[in-house]
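Notes follow the structure.
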Amino acid sequence: MSDIAALSSTEFSADLESMYKKVTRRVVPLLFICYLLGYLDRINISYAQLQMRTDLSFSDAVYGLGASMFFVGYVLFEVPSNVVLKKIGARKTMLRIMLCWGAVSMSTMFVASPLEFYVARFFLGVFEAGFFPGILFYLTLWFPAERRARIIAIFMAAAVAAGMISGPVSGYILQTMNGVHGLQGWQWMFLVEGIPSMVLGIVAYLWLDDQPSDAKWLSAAEKEAMARDLAERSRDVPAEVATHRGVFRDLAVYRLAALYFALNCTAYALSFWMPSLIERAGTAGVQRIGIISIIPYACAVMAMIGYSRHSDRKRERRWHFVLAVLLGAAALCLCTRTQGLLWPSVALISLALAAVMSSVPVFWAVATSALSKESAAVGIAIITTLGNFSGVICPYAMGLIKMSTGSLDYGLYCCAALLIGATVVMLRMNSESRR
């Protein structure tokens, strides 16, 4: 009789809890830091553009298109990157991605024209493609669906933490290093913030294991317990969906992608345009704007983790998603009424970001549970690829809206409308799944 079979159900449950805590301590902190650095390299142009638009004569439309070009490269190479991940494993994939995106992020310091800016952002997207869906797939190998929302929330809190760090760190570099050794502050920012990504890529390759069976830090009994628990808790997926071709024909995948598109539109609108929203609310100076921007991201981190734990504890996803998204839509609409009022604007931006980001781990708990282990890597990549078209469209559209109307208000209204539509899609999906 195996060690596991000899255990009582209570002892087995306690041992599982201890084992998953051990796995969390080993895997999640490093993934958190890696994603933080990746997201930092993605959004730091929101602060760099405060200087670049003067030094390089970049308009809001140029900045918006440059922000969007990242996602053009990203969506084109998302699925291919995850197909490769299935063949070579997570460690080699993370090493490749982080070395390349760090190098391209650093090279952005040399851009001198809009075309060069677009090319740099495009290749940053190409090399970062596959990282986020790859990590989501990686987490499905280590955690069952019932534990996944809280783990995804911790991992995804890195994106929000990146926003907290990006403001003060980027603002400090832009202000204090401007002109040092003949380089502008934004050039130093790309250089200094790109190096850690390359270093952490090497660390991740040496520290992580591709799957539980490869982990020397787990005992044989722990590996058996994890394999048994993951097998028992995995969702039964129709055979025609549990294949690559079946995933491409699964309507639920495209509905999930539509939900992710709506969430991303709002998240990117707030991430890429938050400095401008704070500036129009009545403050100036890149360092002060960066410090104030900590507040919305801090609120979002706390809300994400607390809300996802509540969703896991209640084992309920639909209404957790709907309530958070509707609250975010309401906050966005109210943001349009507080121009020139700094602290009411910051409060509403904080509420909108916290609400939307809290819905994302709940969404991914739903999405990863809807896919089999065999189809998860490709299915997640399809969802993120289609959902990330929001990154292609939203930043550029917001720039055009601001140029044509002189305000970001209509862009915020559009994001709110998408969020309301997302609640309808989620309710319909849940209703159909019970028929």
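Longest span of the chain, sites excluded, free of GluC sites (Glu not before Pro) in DSSP loop with at most 13 other C-beta atoms within 10 Å?
1-239
Could you state the angle between the C-alpha long axis of helix 185-207 and the longest principal axis of the C-alpha atoms of the chain, as a value from 0 to 90 degrees rounded to the nearest 10?
Helix 185-207 sits at roughly 10 degrees to that axis.
Can you put Met426, Met189 in order, fewest other beta carbons within 10 Å first?
Neighbour counts put them in this order, fewest first: Met426, Met189.
What is the spin-label model distance, in nm, from Phe110 to Ala220 if the labels are put 7 Å beyond Cα along the C-beta direction?
The answer from the label model is 5.5 nm.
Cross-link partners among lysines for Lys21, C-alpha distance below 21 Å, same-chain residues fewer than 8 apart left out?
Qualifying lysines at Cα under 21 Å: Lys216, Lys223, Lys314.
If you place +1 on the Cβ of every Lys and Arg and -1 on the Cβ of every Asp and Glu, how big does the dipole about the Cα centre of the chain come out, in debye to the nearest 20?
560 debye
From the phi angles alone, apply the Karplus equation (6.51, -1.76, 1.60; θ = phi - 60°) to the range 399-416 and give each ³J(HN,Hα) in whole Hz, x where the residue is Gly or Pro.
x, 5, 4, 5, 5, 7, 10, x, 8, 8, 4, 5, x, 5, 4, 4, 4, 4
Take Val160, Val104 and order them by how many other Cβ atoms sit within 10 Å, fewest up front.
Placing the least packed residue first, the sequence is Val104, Val160.
What residue among Met189, Ala252, Val119 has its Cα farthest toward the positive end of the dipole of the chain, where the charges are +1 on Lys, Arg and -1 on Asp, Glu, each on the Cβ?
Ala252
Just grab the label-to-label distance for Leu76 and Leu183, each label 7 Å out from Cα along the Cβ direction, in nm (one decimal).
Each label point is offset 7 Å from its Cα along the Cβ direction, giving 2.8 nm.
Would you mind calculating the gained length between Ile33 and Met403 on full extension (0.36 nm times residue separation, minus the Cα-Cα distance), in nm to one decimal?
Using 0.36 nm per residue and subtracting the Cα-Cα distance, I get 129.6 nm.
From the residues Ile305, Tyr47, Ser213, which one has its Cα farthest along the dipole of the range 21-433 in the positive direction, the dipole being from +1 and -1 charges on Cβ of Lys/Arg and Asp/Glu about the Cα centre?
Of the options given, the answer is Ser213.
Treating only the Cβ atoms of Lys and Arg (+1) and Asp and Glu (-1) as charged, compute the dipole magnitude of the range 28-100 about its Cα centre; round to the nearest 20 debye.
500 debye
Apply 1/(1 + (r/R0)^6) to the Cβ-Cβ distance of Arg25 and Lys314, taking R0 = 25 Å, and write down the FRET efficiency to the nearest 0.05.
Once rounded, the FRET efficiency stands at 0.50.
I'd like the orientation of helix 145-176 relative to the chain: the angle between its Cα long axis and the longest Cα principal axis, in ° from 0 to 90, rounded to 10.
Tilt of helix 145-176: around 20 degrees.
If packing is taken as the mean number of other Cβ atoms within 10 Å per residue, what is the order of 19-30, 37-48, 83-94, highest first?
37-48, 83-94, 19-30
Apply 1/(1 + (r/R0)^6) to the Cβ-Cβ distance of Ile393 and Val425, taking R0 = 22 Å, and write down the FRET efficiency to the nearest 0.05.
Efficiency computed from Cβ-Cβ geometry: 0.75.
Just subtract the alpha-carbon distance of Met302 and Ala227 from 0.36 nm times their residue separation and send over the number in nm, one decimal.
Extra length available between Met302 and Ala227 comes to 23.8 nm.
Applying 1/(1 + (r/R0)^6) with R0 = 22 Å to the Cβ-Cβ distance of Tyr410 and Ile294, what FRET efficiency is obtained, to the nearest 0.05?
Rounded to the nearest 0.05, the efficiency is 0.20.
Taken together, the values in this text are just the output of simple stated rules run on the coordinates, not laboratory data. Just so it is clear, the structure is predicted and the values come from calculations on it, not from any experiment. No Cβ is skipped: glycine too gets one built from the backbone with ideal geometry, and neighbour counts run over all protein chains shown.
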